[in-house]
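Here the structure comes first, spelled out in structure tokens, and everything after it is commentary.
The values are calculated or read from the model by the stated rules, or taken from the named source; none is laboratory data. Model, not experiment: these values are computed from the prediction. Note: ideal-geometry Cβ built from the backbone for every residue, glycine included; neighbour counts use all protein chains shown. We work out accessible area using only protein heavy atoms, side chains counted, and drop any ligands, DNA or RNA first. Shrake-Rupley method; radii C 1.70, N 1.55, O 1.52, S 1.80 Å.
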Amino acid sequence: MWSCRGSKTAVGIAALLIFIPYSGALPKCDRNDEDCRDRLMHPETPEPRETIKPVLEGEESNEYWINIGKDFIAKKLATPFNEKKAKNVIMFLGDGMGLTTVAAARNLLGGEEKQLSFNDFPYTGLSKTYSVDKIVSDSACTATAYLCGVKAQEGTIGLNGDVEYGSCEKGKDRNTWVYSIGKWAQDAGKSTGVVTTTRITHASPSGVYAHIAHRDWENDEEITEACGSDSGLEDIAYQLINGEVGSKLDFVMGGGKKHFIDSQLYENGKRGDGLDLIQQFKDQEGSRNLYVETRDELMSANLANYDRVFGLYQDDHMLYHLETNESTNQPTLEEMTRKAIEFLSRNDEGYFIFIEGGRIDLAHHQNYARMALDETVEFSKAIAAAKEMTNEEDTLIVVTADHSHAFSYNGYPYRHSDIFGTAPANGNDGKPSMSVSYASGPSYERFFNVEKAEREDPTSFITGDRYDRFPAAWPLEDETHGGEDVGVYASGPWAHLFTGVYEQNTIPHLMGYASCLGSGLQMCNQKK
């Protein structure tokens, strides 16, 4: 077991961590020497040059940790079950935000002991994310689960498990369609909205309003290529503007403008049917619809003058937060969240809104660990804003992820060390190893010399740039999702129901119970 031997004078000193990485490989053990192997499982890695960590005041004492335990128990005892009806439901989805991502992102707040906003929610559970056909799922079938309450096959949205990925015929059979809690809320007279940092037609947000057998059918040309020009299928963008649920959404924001306009009408347009769906939204008869494309337009608009709001800020996904500056004129997820709640709160019947931090996932797919964790912090800011703007007496907030990623955080790094830095000890090849890495992804060839059959020094490539790719163990164009359970964090009416380990499709049924929505069990119908 390795030890922390900081002096008492170092306690409370928030000095920069400076240490010399162990220059050689750890010694090898004989196959049958279990004592040796056990020591290497928990090695005595070299100490930092000056101080092990900028330890917090009192951490060296028993009382510090005992008091943390006491305070937590007292907080739990002082939190009675809220069994009131949830007037409003806000669902936050951190796409690809597995438990490792959550833990690693806390370091960006100043230390591993810090809390993301939703870590302070009183009730936490775990959801099982597998789909009908896959152990490790994607964002389409998981959206069907956590929004519609039914598990489905990979790549399908708003359809039951009988429909295979890309099935043109089965996908248009309405008997296979399943509806989201967004529709349940609309049927109850509530306002509804969708906000994302990805394309608004991407897999996760589409789960609120679309029914389609292939997540990539975001415009009509994609359907024509796959199913022919006379398939009778409606693409995702079309369903958002003209569909049964999409046409009734009150507040919609994200990226993906290219899927809404014909290529002959807009340089970057992808449609081939001659339509400008954005113009259709603007021209809807008898409505006061606002369409915006910049942060300035959003922030300056008097939303009280409009019935519906639609914002598209990029042709494709919205920019990563680390890519933005004043000139990009793109709102943050927090700003969109604040505007959404402000707008939807006008309805006395309440509202349901789905808000996605979607670029956590996309960054992980490219081994952009720095981007992924920053997007997680931005996601946390949006949740904090929602908590601030609402009353937990009548507003249920649920935060979860659709799936995890093949993302690892290991190597025995020191307290408060740079999460993006090297682990204290080198690998058996004598070269540094990073504290975060991936099981797969496009960075493999950069960090492994195939001709020499050896690792490259990762510090030669990781320089502190936002586009740093972190090491991957095997080559793949895009890093894969992970199959482990993901966290569910809840606050507000009936939040205590979200504890335990349960199937992902249980989530909308729990939200529906708390807010008296849908055809399942409702707190309004239960006898006391």
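Scanning the stretch 214-248 for residues that are closer than 18 Å to Arg199 by Cβ, in a loop (DSSP other than H, G, I, E, B) and among the hydrophobic types (A, V, I, L, M, F, W, C) yields Trp217, Val245.
Which of the residues spanning the stretch 291-326 are touching a residue at least 60 places away in the same chain (Cβ under 8 Å) and more than 19 Å from Pro205 (Cβ to Cβ)? Residues satisfying the conditions are Leu322, Glu323. The set of residues in the stretch 434-443 that are buried (at least 20 other Cβ atoms within 10 Å of the Cβ) and either free of Cβ contacts under 8 Å to residues at least 60 places away in the same chain or touching a helix residue (DSSP H, G or I) at 6+ places or on another chain (Cβ under 9 Å) (or both) comprises Met434, Ser435, Val436, Ser437, Tyr438, Gly441.
Count of the stretch 180-212 residues, restricted to those that are out of contact with any Cys (no Cβ under 6 Å at 6 or more places or on another chain) and either free of Cβ contacts under 8 Å to residues at least 40 places away in the same chain or not aliphatic (A, V, I, L, M) (or both), is 22.
Applying the criterion of at least 1 residues that are open to solvent by 10 Å² or more (accessible area, probe 1.4 Å) to the helices (runs of 4 or more DSSP H) found wholly in the stretch 139-213 leaves 168-171, 181-187. The residue pairs whose first member lies in the stretch 72-98 and is closer than 17 Å to Pro508 by Cα, whose second member is at pLDDT 95 or above and open to solvent by 100 Å² or more (accessible area, probe 1.4 Å), and whose beta carbons are closer than 8 Å, counting only pairs six or more residues apart or on different chains, are Lys87/Glu349. Within the stretch 371-393, does at least one residue satisfy the condition of being in a loop (DSSP other than H, G, I, E, B) and charged (D, E, K, R)? Checked the stretch 371-393: at least one residue is in a loop (DSSP other than H, G, I, E, B) and charged (D, E, K, R).
In the set (1) closer than 26 Å to Lys151 by Cα; (2) touching a helix residue (DSSP H, G or I) at 6+ places or on another chain (Cβ under 6 Å); (3) open to solvent by 10 Å² or more (accessible area, probe 1.4 Å), the condition left unmet by Asp273 is number (1). Being on the phi > 0 side of the Ramachandran plot and surrounded by fewer than 18 Cβ atoms within 10 Å (Cβ to Cβ) is a property that holds for Ala453. From the list Gln504, Gln522, the one residue that fits, being of a type outside the set (Lys, Arg), without any contact (Cβ under 8 Å) to a residue 12 or more places away in the chain and either open to solvent by less than 70 Å² (accessible area, probe 1.4 Å) or touching a helix residue (DSSP H, G or I) at 6+ places or on another chain (Cβ under 7 Å) (or both), is Gln522.
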